[in-house]
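The values are calculated or read from the model by the stated rules, or taken from the named source; none is laboratory data. Everything quoted here is computed from the prediction, not taken from an experiment. Cβ coordinates were reconstructed from backbone atoms using ideal geometry, including for glycine residues, and neighbour counts include every protein chain displayed.
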Amino acid sequence: MLERLAAAFAIAGGTVLLAIAALTGINVLLTGLDMVAPGQFGVVRGYEDLVRLLVSAAVPLLFPWCQLRRGHVAVELLAEWLPAPVRAALEHLGVALTAAIALFLAFWHFQGLLETRADGRIASVLGWPEWPFFVPALLALLLWAAVAARQLRAGSSS
């Protein structure tokens, strides 16, 4: 179940990142055309707002899949000369720290969501409320912690 959920989150995050890349290309094209024919072409209205909100929602969606596939950076050069049990203990400690950090980030992300919602903060150009964009990242952080916790229970082997 966690694998399917992590895959779905990663696909959603990747799709949003592809959409951001396409939107960036369109915005660059329109900016170039506007330089050739001033006033005839505009840029994408609220581009900076939209990209900021979408990136903040999309990037964390990739974390659970990375954790599941051990895609995070590991410092193996320093530990490769250590005995296998020590390396395994370091791996276990790293996964435990990852789970703790993901929960820590989720807690503070939730606090930020509540504060942003209470303040009624909106994107300056688009006028959209910002708090809903916290939700995907919050769910991804919780899923990331769940994946790491499962890896701990499995002896850091999955």
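Of the residues VAL135, VAL125, VAL147, which single one is under 17 Å from the mean Cα position of the chain (by Cα), closer than 24 Å to VAL51 by Cα and among the β-branched types (Val, Ile, Thr)? Break it down into steps so the answer makes sense when it comes.
Working: VAL125 fails: under 17 Å from the mean Cα position of the chain (by Cα); VAL147 fails: closer than 24 Å to VAL51 by Cα.
Being under 17 Å from the mean Cα position of the chain (by Cα), closer than 24 Å to VAL51 by Cα and among the β-branched types (Val, Ile, Thr) holds for just one of VAL135, VAL125, VAL147, which is VAL135.
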Looking only at the stretch 21-32, decide whether some residue is closer than 29 Å to TRP131 by Cα, without any contact (Cβ under 8 Å) to a residue 24 or more places away in the chain and over 24 Å from the mean Cα position of the chain (by Cα). yes
List the pairs whose first member sits in the stretch 57-72 and is on the phi < 0 side of the Ramachandran plot, whose second member is modelled with pLDDT of 95 or more and among the polar types (S, T, N, Q), and whose Cβ atoms are under 9 Å apart, counting only residues at least 6 apart or on separate chains? ALA58/THR15
Kindly indicate whether GLU115 is among the acidic types (Asp, Glu), more than 16 Å from LEU54 (Cβ to Cβ), modelled with pLDDT under 95 and part of a helix (DSSP H, G or I). no
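Does LEU113 qualify as being under 20 Å from the mean Cα position of the chain (by Cα), closer than 30 Å to ARG45 by Cβ and in contact (Cβ under 8 Å) with a residue 60 or more places away in the chain?
On the way: under 20 Å from the mean Cα position of the chain (by Cα): yes; closer than 30 Å to ARG45 by Cβ: yes; in contact (Cβ under 8 Å) with a residue 60 or more places away in the chain: no.
Criteria not met by LEU113.
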With the requirement that a residue be of a type outside the set (S, T, N, Q) and over 11 Å from VAL51 (Cα atoms), what does the stretch 9-21 give you? PHE9, ALA10, ILE11, ALA12, GLY13, GLY14, LEU18
Determine if the stretch 83-101 includes at least one residue that is closer than 28 Å to TRP128 by Cβ and among the hydroxyl-bearing types (Ser, Thr, Tyr). no
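Counting only residues that are outside any loop (DSSP other than H, G, I, E, B) and over 19 Å from the mean Cα position of the chain (by Cα), which one in the stretch 41-85 is nearest to VAL16 (Cα to Cα)? Write out each step before concluding.
Taking the stretch 41-85 first, the residues outside any loop (DSSP other than H, G, I, E, B) are 47-68, 76-79, 84-85.
Filter once more, keeping what is over 19 Å from the mean Cα position of the chain (by Cα): 47, 76-79, 84-85.
On the way: TYR47: 14, GLU76: 32, LEU77: 35, LEU78: 36, ALA79: 37, ALA84: 40, PRO85: 41 Å.
Restricting to residues being outside any loop (DSSP other than H, G, I, E, B) and over 19 Å from the mean Cα position of the chain (by Cα), the top hit is TYR47.
Against the definition (exposed (fewer than 15 other Cβ atoms within 10 Å of the Cβ), in a helix (DSSP H, G or I), at pLDDT below 90 and of a type in the set (A, V, I, L, M, F, W, C)), how does ALA88 come out, yes or no? Spell out how you get there, then give the answer.
On the way: exposed (fewer than 15 other Cβ atoms within 10 Å of the Cβ): yes; in a helix (DSSP H, G or I): yes; at pLDDT below 90: yes; of a type in the set (A, V, I, L, M, F, W, C): yes.
Yes, satisfied.
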Does SER124 fit the bill of being assigned to a helix (DSSP H, G or I), in contact (Cβ under 8 Å) with a residue 60 or more places away in the chain and among the hydroxyl-bearing types (Ser, Thr, Tyr)? no
Please indicate, with yes or no, whether at least one residue in the stretch 8-16 is touching a Pro at 6+ places or on another chain (Cβ under 8 Å), assigned to a helix (DSSP H, G or I), surrounded by 13 or more Cβ atoms within 10 Å (Cβ to Cβ) and aromatic (Phe, Trp, Tyr). yes
